[in-house]
């Protein structure tokens, strides 16, 4: 108990710490913060003007909104054949490549997909409303080349169409869901307003319900689809700082050895959705061919 | 940018600390007068919150461990004593509670969940150190009977009798765990604890999602029972509207227990207590003598 209290008292809050790691231009700044965290806590180095851009709640919620646009487009197209309306996508929204109605054969799977599509649409609308005029519009989204590239990188093959059939759809859904949980978990620490935090935690919980649902379905599908999902998981781990456990009947939950769900920095999430595991600055790629919209759109490391 | 606070935090006022606002909101929602703790201006500490969570984790860990092994967590080697040496309470459960599983995937998941809940107990005990409360008395027999009656499911209910009953028994806890962590997260002041609580919250939501999916797959009788339980939970906490069952809504499944914004429901500590006490004020149902700690 005392240990953690001291950690907090040392004036380097998790928020600042993460912000330092994620958004300062130089490694030096991050190292300085880390040193402050580990030692007595007085940062007595030469007082240089802080270069860390202030990350606002709007920045974090817009980051989340980009991810919700991606999920909503994926699920809406899978269920209905068409994506977000112009009103939900915002002014000057980017184009969406790919996506088609999945020829569902199992009624229950279609019902699960419809619920998740509704949920992701509700998240888009909720975040857009909360952000008001600060809301970013939908960036360009690619649901074709992205999955092919992911399949190639994951060793599945040169092409993967998650809209081809209902089992492929479950694998496609898996690509996003656990990532959403880790992104909201990491993002929660960056939020300053308690109301925003409560909303983000509530959305994270919904994403975790989805993730468990998809992972459970994958274990029931078994065979190649479970293998593909775990290859995707490996890809996410490579790009996004680990934070994965193999999907299996006895590992429905993606969590660490304390049974606490993983979290990811915005940098790690960007590397995953841009499908680029190479460390360094990455500004676009993968599911967002022109990058995300908003201030958190390029990885710093 | 408008903050989201107004929609979500009933009773929050400008310039007022969130903790105080939450306490007021919780009291108002539960139709209660200010507690003696609040009137004495005793702030809810992170220790209080984590101990509140520890009580719930004891309950979950005992349920899943008994269901999967027939043993209590203390028989399995975990400590149920308080950090200061206080002895742990008793568990009331039927003889031979180990569930006879016929579905390997469900058994594996049940064992995973048992391990997760044990890990949560151990993690919280370690974080709390000498401040950790002992396990309170837990009832896994009369509690289910009482809740079954409240939910209109009959006079008795044995969650260890079959796979479907096990799912329904698990269902009773899991969404409540999610709402409890969501409500409590706002009371935590230390960033590091908040992060851990959020991580445990997500794990509870994973559990809940998988259990609700399996109830959906178990068919209409199981769905109907789960929906009755959800209705009972909402009734017990005094809101009537913060829980949804498992089934269909306009052609879509209802695997996720969330509001119209697809944001998972949240409960105040007072509301959680009402649910786990089966409507009692100082104890009852799963905790016949109440929780240990300051929030009880």
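Is there a residue in the stretch B:69-87 that is within 14 Å of chain A (Cβ to nearest Cβ), out of contact with any helix residue (DSSP H, G or I) (no Cβ under 6 Å at 6 or more places or on another chain) and free of Cβ contacts under 8 Å to residues at least 40 places away in the same chain? Scanning the stretch B:69-87 turns up no residue that is within 14 Å of chain A (Cβ to nearest Cβ), out of contact with any helix residue (DSSP H, G or I) (no Cβ under 6 Å at 6 or more places or on another chain) and free of Cβ contacts under 8 Å to residues at least 40 places away in the same chain. Could you count how many residues in the stretch A:257-283 are surrounded by 17 or more Cβ atoms within 10 Å (Cβ to Cβ) and either in a strand (DSSP E or B) or without any contact (Cβ under 8 Å) to a residue 40 or more places away in the chain (or both)? Residues flagged as surrounded by 17 or more Cβ atoms within 10 Å (Cβ to Cβ) and either in a strand (DSSP E or B) or without any contact (Cβ under 8 Å) to a residue 40 or more places away in the chain (or both) within the stretch A:257-283 amount to 9. Among the residues of the stretch B:88-113, those identified as within 20 Å of the chain's Cα centre (by Cα) and either facing chain A (nearest Cβ under 7 Å) or farther than 24 Å from residue B:289 by Cβ (or both) are B:109, B:110, B:111, B:112, B:113.
From the residues in the stretch B:202-232 that are away from every other protein chain (no Cβ under 14 Å) and more than 30 Å from residue A:188 (Cβ to Cβ), which one is surrounded by the most Cβ atoms within 10 Å (Cβ to Cβ)? The residue in question is B:225.
The single condition among (1) more than 15 Å from the chain's Cα centre (by Cα); (2) away from chain B (no Cβ under 14 Å); (3) at pLDDT below 95 that residue A:176 does not meet is (1).
Okay, residues lined up against (1) within 22 Å of residue A:180 (Cα to Cα); (2) at pLDDT below 95; (3) crowded, with 20+ Cβ neighbours inside 10 Å; (4) more than 14 Å from every other protein chain (Cβ to nearest Cβ):
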{"position": "A:25", "(1), (2), (3), (4)": "no, yes, no, yes"}
{"position": "A:32", "(1), (2), (3), (4)": "no, yes, no, yes"}
{"position": "A:36", "(1), (2), (3), (4)": "no, yes, yes, yes"}
{"position": "A:47", "(1), (2), (3), (4)": "no, yes, no, yes"}
{"position": "A:62", "(1), (2), (3), (4)": "yes, no, yes, no"}
{"position": "A:66", "(1), (2), (3), (4)": "yes, no, yes, yes"}
{"position": "A:83", "(1), (2), (3), (4)": "yes, no, yes, yes"}
{"position": "A:99", "(1), (2), (3), (4)": "yes, no, yes, yes"}
{"position": "A:105", "(1), (2), (3), (4)": "no, no, no, yes"}
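You will find that of A:234, A:240, A:223, the residue that is away from chain B (no Cβ under 11 Å), surrounded by 23 or more Cβ atoms within 10 Å (Cβ to Cβ) and under 27 Å from residue A:159 (Cβ atoms) is A:240 and no other.
Residues that are more than 7 Å from every other protein chain (Cβ to nearest Cβ), assigned to a helix (DSSP H, G or I) and without any contact (Cβ under 8 Å) to a residue 60 or more places away in the chain occur in the stretch A:198-209; there is at least one. Taken over the stretch B:141-152, the criterion of being part of a loop (DSSP other than H, G, I, E, B) and in contact with a helix residue (DSSP H, G or I) (Cβ under 6 Å, 6 or more places away or on another chain) is satisfied by B:151, B:152. Considering the stretch A:96-112 alone, what residues qualify as being part of a helix (DSSP H, G or I), touching a helix residue (DSSP H, G or I) at 6+ places or on another chain (Cβ under 9 Å) and free of Cβ contacts under 8 Å to residues at least 60 places away in the same chain? A:108, A:110, A:111, listed by residue number. Return a yes/no flag: does the stretch B:69-80 have any residue that is touching a strand residue (DSSP E or B) at 6+ places or on another chain (Cβ under 7 Å), closer than 19 Å to residue B:136 by Cβ, at pLDDT 95 or above and surrounded by 15 or more Cβ atoms within 10 Å (Cβ to Cβ). Taking every residue of the stretch B:69-80 in turn, at least one turns out to be touching a strand residue (DSSP E or B) at 6+ places or on another chain (Cβ under 7 Å), closer than 19 Å to residue B:136 by Cβ, at pLDDT 95 or above and surrounded by 15 or more Cβ atoms within 10 Å (Cβ to Cβ). Just one residue in the set A:72, A:117 is within 23 Å of the chain's Cα centre (by Cα) and either over 24 Å from residue B:213 (Cα atoms) or within 9 Å of chain B (Cβ to nearest Cβ) (or both); that residue is A:117. Taking the numbered list (1) over 17 Å from the mean Cα position of the chain (by Cα); (2) touching a residue at least 60 places away in the same chain (Cβ under 8 Å); (3) surrounded by 21 or more Cβ atoms within 10 Å (Cβ to Cβ); (4) within 14 Å of chain A (Cβ to nearest Cβ) in turn, residue B:54 passes all entries but (1).
Screening residue A:162 on (1) part of a loop (DSSP other than H, G, I, E, B); (2) buried (at least 24 other Cβ atoms within 10 Å of the Cβ); (3) within 14 Å of another protein chain (Cβ to nearest Cβ) shows it passes everything except condition (3).
Only one of the numbered conditions (1) over 16 Å from the mean Cα position of the chain (by Cα); (2) within 14 Å of another protein chain (Cβ to nearest Cβ); (3) free of Cβ contacts under 8 Å to residues at least 12 places away in the same chain is violated by residue B:199, and that is (1).
Name the pairs: first residue in the stretch A:69-95 and without any contact (Cβ under 8 Å) to a residue 24 or more places away in the chain, second residue assigned to a loop (DSSP other than H, G, I, E, B), Cβ to Cβ under 8 Å, at least 6 apart or on different chains? The qualifying pairs are A:81/A:100; A:81/A:101; A:83/A:99; A:86/A:93. The sole residue among B:235, B:189 that is surrounded by fewer than 20 Cβ atoms within 10 Å (Cβ to Cβ), part of a helix (DSSP H, G or I) and on the phi < 0 side of the Ramachandran plot is B:235. Number of residues in the stretch B:257-282 that are away from every other protein chain (no Cβ under 14 Å) and free of Cβ contacts under 8 Å to residues at least 60 places away in the same chain: the value is 5.
The one condition from (1) closer than 24 Å to residue A:271 by Cβ; (2) out of contact with any helix residue (DSSP H, G or I) (no Cβ under 7 Å at 6 or more places or on another chain) that residue A:74 does not meet is (2).
The values are calculated or read from the model by the stated rules, or taken from the named source; none is laboratory data. What you are looking at is a predicted structure, and each value in this text was computed from that prediction instead of being measured. Counting neighbours? That spans all protein chains shown, and the Cβs are built from the backbone with ideal geometry, glycine included.
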